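Here's the structure we're looking at; comments come further down.
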2 protein chains.
Amino acid sequence: MNGDLPIGVFDSGVGGLTVVRSLRESLPHESFIYLGDTARVPYGTKSPATVVRYSLNNARFLLAQGIKMLVVACNTASAHAIPALQKELSIPVVGVVEPGARAALSATRNGCIGVIGTYGTVESGAYQKAISELRDKLRVAAEPCPLLVPLAEEGWLTGDVPRLVATEYLGRLHARFPEADTLVMGCTHYPLFRELIAEVTTDLFGREVALIDSGIAATAEVAHLLRRREMEAPGGVSGTLRVMVTDKSRIDIVGTRFLGEALTEVSSVDVTA
Amino acid sequence: MNGDLPIGVFDSGVGGLTVVRSLRESLPHESFIYLGDTARVPYGTKSPATVVRYSLNNARFLLAQGIKMLVVACNTASAHAIPALQKELSIPVVGVVEPGARAALSATRNGCIGVIGTYGTVESGAYQKAISELRDKLRVAAEPCPLLVPLAEEGWLTGDVPRLVATEYLGRLHARFPEADTLVMGCTHYPLFRELIAEVTTDLFGREVALIDSGIAATAEVAHLLRRREMEAPGGVSGTLRVMVTDKSRIDIVGTRFLGEALTEVSSVDVTA
């Protein structure tokens, strides 16, 4: 059923293009419509009620385009809005929090899992809850790392400033939870700092810490759901990507950094109309 | 006329509370209604069309509360939306760009003025135009300093990270325009870094650079307009402050930092309804 329809993906801004990149690599025959709510970005510092309202705007807009599945690429929106979205939509809704939690469970050896994310994601307790529900006796601690988002959008990915910022935040996590052997990068922007986070955690924790990219984990969940529900696109043809944003400012510069390929055609849309 | 009515002030978020602080110190009998559009903050990375739309939402909302004058505390909104606001509103509208430009003219000795601001403010050319129109042969260069906004909201006002960030941005300005003897802090967040900016500019330029706070400059313009139009509040009673935001997340923590006094009562409003 509906195999020909595209998969809708939304994010607060352009960070979710890292998830699209992973989805397109794994599922080359699927087509995607990406919606970045760049007119209201970021979500990570805003309240749950606001994030749920914006997420419903985005989901309704994508639904009207004709999609077979909705992927919530934004961790903050996944943390706050999945129940509201699943209640309203009849198509499958996949967030990044549960897949990220399951990937962390697969990676941990001692059951001690750290999570980094926005204020919204961390304060929601969504990862902490998702992880705790997977298995008894897992321990979790989460630390907000808000400045990594504007640093990624500015393209300050290496050098002293991101290193000092990452060391400050991860140092706070280490002080509270030195046992962690696995760290969930619970924000679409953080995989851009993957190498830096690996180096800083190794320094702080004195050993390698397994890094989980929730976007990549969500890709596996999407592939699994498409198969199980027999919703896969027919093979033989490459899928397409349509990118829509609510504000085009600097999208070419910033978007390309996240997608990993040139963003050629981007249309501007109003999701509140 | 209308002296009893409050003055409306809006900003993209809480940064404009630095302007309210200055207004209340200078005009203790005036009452103020402050609206922070925290559900859609920041404006500085968004396009002119989006910023004009949001500014009109905010202005209409404040107008419906009954105000005698509108102060646009946000530099980005002042840069893009003053003509649209003046066209729509019959009450006086005061932005921060023109007062900041005039204050810079008063301060400069050699006619070389630097401006720092958001992408939106810098790319609009509003300060460059306002300064150039004041007098012949003034020279201006502007540099975006976007990371100073999230650093201020996070409260990272001192230490290595803000110093490195300020040195990087102001170093770019110095490389292009070493003659500057005056620097306009063209974003409501920057006065929180006043001491740091003073130290870094002295180091880079090898002499003291005059720093202009556009919010303080706008306060003088508001006082002047109130007198000229005979709209001053009756004396004898202290003015009040009502603070409204479109999203309350972290407003108590962040808002108090900008206002310089405890933010006790904040109400949550929808300006798009």
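Bear in mind these aren't lab numbers, they're just calculated from the coordinates by the rules spelled out. All values reported here derive from a predicted model rather than from experimental measurement. Neighbour counts are summed over all protein chains in view; Cβ atoms, including those assigned to glycine, are modelled from backbone coordinates with ideal geometry.
Checking the a/c ratio against 1.5 first, then a/b against b/c, what shape does the Cα gyration tensor give for region B:97-165? Here region B:97-165 falls in the prolate category.
Per residue of B:266-273, other chain Cβ atoms within 10 Å of the residue Cβ number 1 on average. Once you sort the root eigenvalues of the Cα gyration tensor of region A:202-252 as a ≥ b ≥ c, which label holds: rounded (a/c under 1.5), prolate (a/b larger than b/c) or oblate (the other case)? Oblate shape, in that a/c is at least 1.5 and b/c is the bigger or equal ratio.
Here is how far apart the B:LEU134 label points are across copies: 5.9 nm, shortest first, using a point 7 Å from Cα toward Cβ.
Applying the criteria of a DSSP loop state and at most 10 other Cβ atoms within 10 Å to the trypsin sites (Lys or Arg not before Pro) of region A:59-139 yields A:ARG109, A:ARG135, A:LYS137.
Label point of A:SER238 (7 Å along Cα→beta-carbon): distances to the other copies' equivalent points are 6.8 nm, sorted ascending. A cut-off of 5 Å between modelled amide H atoms, ignoring neighbours fewer than 5 places along the same chain, links A:ARG242 with A:PHE32, A:ILE33, A:TYR34.
Rounded to the nearest 0.05, what FRET efficiency is calculated for B:GLU88 and B:ARG194 with R0 set to 51 Å and r the Cβ-Cβ distance?
Working: r = 34 Å, r/R0 = 0.67.
Rounded to the nearest 0.05, the efficiency is 0.90.
Only helical runs count toward this figure. For the protein assembly as shown, summing -39,500 (n - 2.57) over DSSP H runs of n ≥ 4 and dividing by all residues gives -14500 deg cm²/dmol at 222 nm. Shape descriptor for region A:30-138: Rg over Rh equals 0.99 (Cα atoms; Rh from the Kirkwood inverse mean 1/r).
Placing a label point 7 Å from the Cα of A:ARG229 along the Cα-to-Cβ direction, the residues of region A:22-46 with a backbone N closer than 19 Å are A:23-24, A:26-35.
What number does the protein assembly as shown give for Rg over Rh if you use C-alpha atoms and the Kirkwood radius? Expressed as Rg/Rh, it is 1.00.
Placing unit charges on each Cβ (+1 for Lys and Arg, -1 for Asp and Glu) gives region A:97-214 a dipole about its Cα centre, and among A:ASN110, A:GLN128, A:ILE197 the Cα reaching farthest toward its positive end belongs to A:ASN110. Note on B:144-156: average number of Cβ atoms from other chains within 10 Å of each residue's Cβ is 3. Taking the longest Cα principal axis of chain A as reference, the axis of helix A:75-88 is set at about 40 degrees.
Over chain B, what relative contact order in percent results from Cα pairs under 8 Å that are six or more residues apart? Numbers along the way, then the final one.
Details: 535 pairs, mean separation 75.2, N = 273.
With pairs under 8 Å counted, the relative contact order is 28 percent.
Label point 7 Å out from B:ARG60 along Cα-to-Cβ: which residues of region B:1-42 have amide N under 20 Å? Residues passing the 20 Å test: B:8-13, B:34-41. Could you compute the net charge surrounding A:ALA142? Neighbours are other residues with a C-beta less than 12 Å from the C-beta of A:ALA142; K and R count +1, D and E count -1. Neighbour charge sum, excluding A:ALA142 itself: +2.
Of the three principal axes defined by the Cα atoms of region A:61-203, the extents in descending order read 47, 40, 22 Å. Between the Cα long axis of helix B:160-176 and the first principal axis of chain B there is an angle of about 70°, rounded to the nearest 10.
Would you mind counting up the charge near A:CYS112? Only other residues with Cβ under 13 Å from its Cβ, with Lys and Arg at +1 and Asp and Glu at -1. Working shown, then result.
Working: positive: A:ARG109, A:ARG135, A:LYS137, A:ARG139, A:ARG176, A:ARG207; negative: A:GLU179, A:ASP181.
Result for the neighbourhood of A:CYS112: +4.
If I take every Cα pair under 8 Å that is 6 or more residues apart in region B:97-215, average their sequence separation and divide by the length, what percent do I get for the relative contact order?
On the way: 202 pairs, mean separation 40.5, N = 119.
That works out to 34 percent.
Relative to the current alpha-carbon distance between A:THR256 and A:ARG109, full extension at 0.36 nm per residue lengthens the span by 49.3 nm. Rounded to whole Å, give me the distance from the Cα center of region B:217-235 to that of region B:149-172. When both Cα centres are located, 35 Å separates them.
Using a/c under 1.5 as the rounded threshold, could you call chain A rounded, prolate or oblate? The axes a ≥ b ≥ c are square roots of the C-alpha gyration tensor eigenvalues, and prolate needs a/b larger than b/c, oblate otherwise.
Numbers: a/c = 1.67, a/b = 1.40, b/c = 1.19.
Here chain A falls in the prolate category.
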